[in-house]
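Beneath this line is the structure, given in structure tokens, with notes to follow.
A short reminder: the numbers here are calculations on the coordinates, not readings from a lab. Keep in mind it's a predicted model, so treat the numbers as computed, not measured. Virtual Cβ from ideal backbone geometry, glycine too; neighbours counted across all protein chains shown.
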Amino acid sequence: MLLQSRAAPSGLLARLRALADASSADGVRWMSSSITALASSASEQHAGSRLPSDGKTLADFVRQGLGASSCAGGALLTSAAAAATARAASRTAFIESYGCQMNVNDSEVVASVLTSAGYGQAASAEGATIILVNTCAIRENAEAKIWQRLGYFKNLKAAARRAGAPPPVVGVLGCMAERLKQRLLESDRLVDIVAGPDAYRDLPRLIDIVQGGSDSSGQEGATTVGRRGRAAAMNVQLSADETYADIVPVRQPDALSAFVSIMRGCNNLCSFCIVPYTRGRERSRPLASIVEEVRMLSEQGVREVTLLGQNVNSYADFSRAAAPADSDGGSAGGGGVPPAAAAAAAGEEAFERFYAQGFRSVYKPRRDGAASFAELLDAVAAVDPEMRIRFTSPHPKDFSDDVLQVVASRPNVCKQLHMPAQSGSTAVLDRMRRGYSREAYDALVAHVRAVLPEVTLSTDMIVGFCGESEGDHAASLDLVRSVGYDSAFLFAYSMRDKTHAARHHQDDVPEAVKQRRLEELIAAYRQQLHARQEAEVGRRHLVLVEGRSRRSEADLTGRTDTFKRVVFQDAPVPASYAGWAADGAGGDPAAAESPARSGGALGGGPAAGAPPLVRLQPGDYVAVEVTDAGGTLRARPLARTSIAQFVAAHGSAAPLERRGAEAAEASAAAAVAAMAG
């Protein structure tokens, strides 16, 4: 059952087991459906898992993106009767998620809420009683895809009515719901339910309203709307404290990776961004509840956890201290807008204490007495040294030294950081209200690389923001070339209403110019990436095996600590990296022949004392050596290993050293490519 009130963190694991046991005791058995989701990787069930395999999982509820194909009107009519019969016989839900990882995690929360309310899974939208679309509003084209999808669901409803069956209830959740609110309910009967990101607990009641049930809860922020003889329901009330900390998300029990939300909302108020208006102000989950959830995931066999938040590294848990009052009388676990009369000196002192050097914000951070992101990251990493820890999406200002030191000191905290720059021009950054100059960003990158020499960086960049000149654009091209990003998310600017830019700036860069600049930025990024990929040849990496390659049944695939995709042969490898060359090769696997290269045997067969050969399984760590570079790295597998074993051999989970003639050739090629750039 769903616990509506918060409980002590120590009871989280017990509540999860109670929820799973209740599903099993009711005799409900669910088959996992195919799902494309950011959080999912297929693997064998780990023996140590404490979750029963017959409980509902996220795959029973969610399809990522445009998973269900559109149908012609005739096909809809043909299948409508069968689908209507299925809907009439059960209460089933189907969820589609769009946008960021936070939305995927929110869909897991929604699935848990619906499970507790007695809803089962629907294999597709066509057979569901309830269709929920978890939406993104950050750019115009993201919303356009959702409108197109809602048009398809309208056709499903019409087909059901023509077949004499009750139509499915369609709900819009998340950021687009919060942005458009009533307009969605007035949009040609496309939508029945509108629920903002902080209203997911209220979904069962909203569904009951639409389906004709009574509304006796008096839920704050909820609205019942009569519309053409049919009820609709909406709750878009933003909360100052909702984090869903007491709700156990519904996940795939055999997943290798999982998302864990640690905070919600954003206080940064960047000019271009709608998120503070759709997600609300920052508030953080209690540290103890997060650590307990990560411990639970470790017991299930999860090998990689990604900590999530709209501004993840501004996490500040005040549960062990009184939260500071904001200027408007509210409270927020991460900061608040200071009074207009606040002393400038006090603001500067706060920036210096909590932010990276040279960074500011439109609000004064108030984090005294709070558990910081560095404390949380260290506590989470300590739960299971063999579980990888990642986090996203951060703000550069919050990469303080204590955070960098935890990343450096914990081998299982991945050496890959997202550092959204947005622009390479100080003038544009000022109009964006990012709180830093180009020089401050460059200095932070240099400092990060000094502390973490093996780190890889990713970024977000926007072209065509209000007033961007050709000189500003040239500065962005220079930033991409000079920093050397291993991943980048590049976009043309799309103005969003309610934002600071919409109120104070003109969207004055023509669309054709935006597209040309975007193409130039993509070309600059790809050029420098090619050189960086070539430099990988000869490097050893620790790879988490995710499964079989989509392109070849003979290959396996996984990601490095630095988040690079690697493909390698599915061949027997030594069971231990530590004793791999026990046949006299001096303890260095490089001095012996790889099983993958010698046909599966180590010199015709393991020498006395050599580790046995094993087949790699999803969830294993494998040491590899990169042999070829492209968009995806190609490598030869050396041996099954662990984080501790690999770090003992190399001093890092992402060592910089490269080996052999291939490495020298790659280095020369990379130098030529760099000069050509």
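Side notes on the structure shown:
- Segment 463-513 and segment 304-318 have their alpha-carbon centroids 27 Å apart.
- Each peptide among 555-566, 308-319 gets the average number of other Cβ atoms lying within 10 Å of its residues, and from highest to lowest they stand as 308-319, 555-566.
- In straight-distance terms, cross-link reach from LYS181 covers every one of the aspartates and glutamates whose alpha-carbon lies under 18 Å from its own, apart from those fewer than eight places away in the same chain; here that gives GLU140, GLU143, ASP192, ASP198, ASP202, GLU220, ASP497.
- Cα centroid of segment 619-645 to Cα centroid of segment 144-176, whole Å: 45
- Separation of alpha-carbon centers, segment 431-447 and segment 245-299, rounded to whole Å: 27
- Computed packing ranks the peptides 642-655, 514-527 as 642-655, 514-527, most packed first, by mean other Cβ atoms within 10 Å.
- Packing around the peptides 379-391, 267-279, taken as the average count of other Cβ atoms within 10 Å per residue, puts them in this order, highest first: 267-279, 379-391.
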